[in-house]
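Here's the structure, in structure tokens; my notes come after.
The values are calculated or read from the model by the stated rules, or taken from the named source; none is laboratory data. Predicted, not measured: the structure shown is a model, and the values here were computed from it. Neighbour counts run over all protein chains shown; Cβ positions are idealised from the backbone, glycine included.
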Amino acid sequence: MTRIDVQELCKEYGTTRAVDRLTFGVRPGRVTGFLGPNGAGKSTTMRILLGLDRPTSGTALIGGRRYTELAEPLREVGALLDAQAAHGSRTARNHLLALAVSNRIPVRRVDEVLEEAGLAGVAGRRIKTFSLGMRQRLGIAAALLGDPAVVILDEPSNGLDPEGIIWTRELMRSLAREGRVVLVSSHLMNETASFADHLVVLGRGRLLADTPMRGFIDSRIRPKVRLRTTEGPRLRAVLLGKGFDPVQGEDGCWTVDGARVEEIGPIAAHEGIPVLELTNVEATLEQAYLDLTAGEAEYSSARATLTQEV
């Protein structure tokens, strides 16, 4: 079974350790979000995975082998690291054709991925005339060219319009459903939450989390319930007796930290207290991520630091 395995990976640049004894795995059949602040080591790890940099120690293997050991890498691993890397004077089709020929990929795949990426109508245009979003689509098309079992994408939504973002989201889900390994690095928390099943989070080169996304959120942010009732004082007294501490907001609604609907609902029903509204206040990936990575960012603004300290 093809998968990504990173074991005790270290990378040092002089006295700086960019990646620090990093160990994690990426399994097929799910989309793994690769997260971390700037300087966390994500790009360095992906460069090592793709044979663009050498580790100081440790291993980063794809299907049990180093990328440099793959005879026809594009048939096994598709990657997008820099959408600006394509030669601007080539047409989109010729760019993909050169990649196909050098990796013994059937020429028909060029037209297939151009169509899939929505670029069939501009296949004959020079890449230097492309917008950032069009270059991004071309980079994704190149990653798909060899029909690989492993797909590694760095900021795939960068520069895309809403339609393009939805396309990449559905594409990543589709690739995972087909049983492929999908590793996606992104700074967009809300977007990552829409497609990722699993998360690997780095901070200062170290592993901070390797867990299913829902479990990650629930482990960092306490659950919360929002409710509305015509008998607030009585409900508060009952909930205090059960170990909860409801707080009423200016809008008249009550918030109960550390509670779920399935706990509060039966209590209100048993006491005969009418409930007009009862919902779980779901935590977001962004909240959980910021809670975990506070203090792990290599670069942070003074304003953000002050906000966190308040």
Within the stretch 147-175, track down each residue that is over 22 Å from residue 110 (Cα atoms) and either in contact with a Gly (Cβ under 8 Å, 6 or more places away or on another chain) or part of a loop (DSSP other than H, G, I, E, B) (or both). 155, 158, 159, 161
Restricting attention to the stretch 5-17, and to residues there that are surrounded by fewer than 23 Cβ atoms within 10 Å (Cβ to Cβ) and among the hydrophobic types (A, V, I, L, M, F, W, C), which single residue is farthest from the chain's Cα centre (by Cα)? 10
Scanning the stretch 265-281 residue by residue, those touching a residue at least 12 places away in the same chain (Cβ under 8 Å) and in a loop (DSSP other than H, G, I, E, B) turn out to be 273, 274, 281
Would you mind telling me which numbered condition in (1) over 19 Å from residue 10 (Cβ atoms); (2) crowded, with 18+ Cβ neighbours inside 10 Å residue 27 fails? (2)
Working only within the stretch 129-157, note down all residues that are within 20 Å of the chain's Cα centre (by Cα) and acidic (Asp, Glu). 154, 155
Flag for residue 262 being part of a helix (DSSP H, G or I) and among the acidic types (Asp, Glu): yes
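Per-residue answers, yes or no, for (1) surrounded by fewer than 19 Cβ atoms within 10 Å (Cβ to Cβ); (2) farther than 20 Å from residue 45 by Cα; (3) small (Gly, Ala, Ser):
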site	(1), (2), (3)
204	no, no, no
209	no, no, yes
213	no, yes, no
216	no, yes, no
Within the set of pairs 6 or more residues apart or between chains, which connect a residue that is under 22 Å from residue 175 (Cβ atoms) inside the stretch 70-92 to a residue that is basic (Lys, Arg) and buried (at least 17 other Cβ atoms within 10 Å of the Cβ) with Cβ atoms less than 7 Å apart? 83/135; 86/135
Among 66, 30, 47, which is the only one that is at pLDDT 95 or above, of a type outside the set (Gly, Ala, Ser) and under 15 Å from the mean Cα position of the chain (by Cα)? 30
